[in-house]
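Presented below is the structure to which this report refers.
Every read-out reported here was derived from the displayed coordinates using simple, explicitly stated rules and does not represent laboratory data. None of these values were measured; they are calculated from a predicted model. So basically every Cβ, Gly included, is an ideal-geometry build from the backbone, and we count neighbours across all protein chains shown.
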Amino acid sequence: MALSRNLKFVVFLACLCISFYSCKSASPKKKYIEVNGIAQGTYYRVVYEDTVMRKAEFDSLLHNFDSTFSIYIEESLISKINRNDTSVQINPEFCYFFEQSKRISAMTDGLFDITVGPLVSAWKFGPDTIEHPLPTQNQIDSILQFVGMHKINIVNGKCVKDDPRIQITGNANAQGYSSDILAQYLDSLGVENYLVDVGSEMRAKGVNAKNNIWRIGITRPEEGIDSLPIEKQSEIAIQLNNRSLATSGNYRKFFYSNGKKYAHTVNPHTGQSIPTDLLSVTVLAKECIDADAIATACMAMGVEKSKEFFNKHPEFDAVLIYSEGNSLATYKTKGVVVK
């Protein structure tokens, strides 16, 4: 959520290249408005059928969202929880975020965990040109003592921690939740057709200005992909039909140590950086907070366990892009429509 993070690649901050193809109205009967802005250290974009420009409302909703979930705002709710401020009263938005996080954590055998932040920090993931020492096993073991969603609960409107060193981060699913918040606002106004996109975490309803289902392009997961022309970045284009979408990948966040590459996915159980054959995963779900969390967990699962997960949970769909020899392979669940 820090404003300084990669704003020069605003449209490509996440692992997704967005291809709307049809934001201009093809019929005088439909007027679509496009609103763009900055939030959570990334961009947001909302395209919707209406006659009213609502940028001020969107900015206000996202500002209020940050006042709860931004770890970069000292007086945010999540920051107060992290420094054990006993006066903090949990609001409904945080309670929903927490309960959904617990649900997805249980569903993924703990591979999604909002307390994993200190481990990720210990690995010091950053630009791919940086070399630095790896954390020692003693350092990892020390941090693991206060990592785990089972070690924190909400009791009578308060966060209760087993260990005061426990830290919560929304980096893995709060951005998706913010897309849900904007979509819910449009729903409350009776808007029938829209696409909400916060840093490539998306939620769509209805059709675009050409009366077609929204179409989204998924970026080919290769190092240096951002340097290519936009039209050459997309690996596959799919329909987003009254659902949400989020993508996670390991091809942008990594570093080298002693000539070995380490990707940014960290196993919450072991504290180790996970080598994986899965380069990117795009998840489709009813709510974007779920799609965001599951995409993160899949990077820890790898290809085969991810396939097993989606076979077990047909309410979700996914596109997995992974290494197969020297080339890329793609796996799609039955509900993915390629266009």
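Beyond 21 Å in Cα-Cα separation lie the following of the pairs Lys124/Lys158; Lys31/Lys210; Lys151/Lys307; Lys55/Lys339: Lys124/Lys158; Lys151/Lys307; Lys55/Lys339.
Could you point to the residue in Gly157, Gly206, Pro118 farthest towards the positive end of segment 111-209's charge dipole, with +1 and -1 charges on the Cβ of Lys/Arg and Asp/Glu respectively? Farthest towards the positive pole: Gly157.
Give me the number: length gained by fully extending Leu328 to Cys95, i.e. 0.36 nm times residue separation minus the C-alpha to C-alpha distance, one decimal in nm.
Numbers: separation 233, 0.36 × 233 = 83.88 nm, distance 3.99 nm.
Gain in length upon complete extension: 79.9 nm.
Label-to-label distance for Met53 and Leu189 is 1.3 nm, based on points extended 7 Å past Cα in the beta-carbon direction.
Say R0 is 51 Å: what FRET efficiency, to the nearest 0.05, do Glu74 and Lys339 get from their beta-carbon distance? Mind showing how you got there, number by number?
Numbers: r = 45 Å, r/R0 = 0.88.
For R0 = 51 Å, the calculated efficiency reads 0.70.
The slack between Ser121 and Glu304, meaning 0.36 nm per residue of separation minus the straight C-alpha distance, is 63.1 nm. Overall form of segment 78-177: prolate. Here a/c, set by the Cα gyration tensor axes a ≥ b ≥ c, is 1.5 or more, and a/b is the larger of a/b and b/c. Taking 31 Å as the limit for the C-alpha separation, the pairs Lys80/Lys102; Lys80/Lys332; Lys80/Lys205; Lys161/Lys334 exceed it in the case of Lys80/Lys332; Lys80/Lys205; Lys161/Lys334. If you take the Cα centroid of segment 172-194 and the Cα centroid of segment 50-68, the two points sit 11 Å apart.
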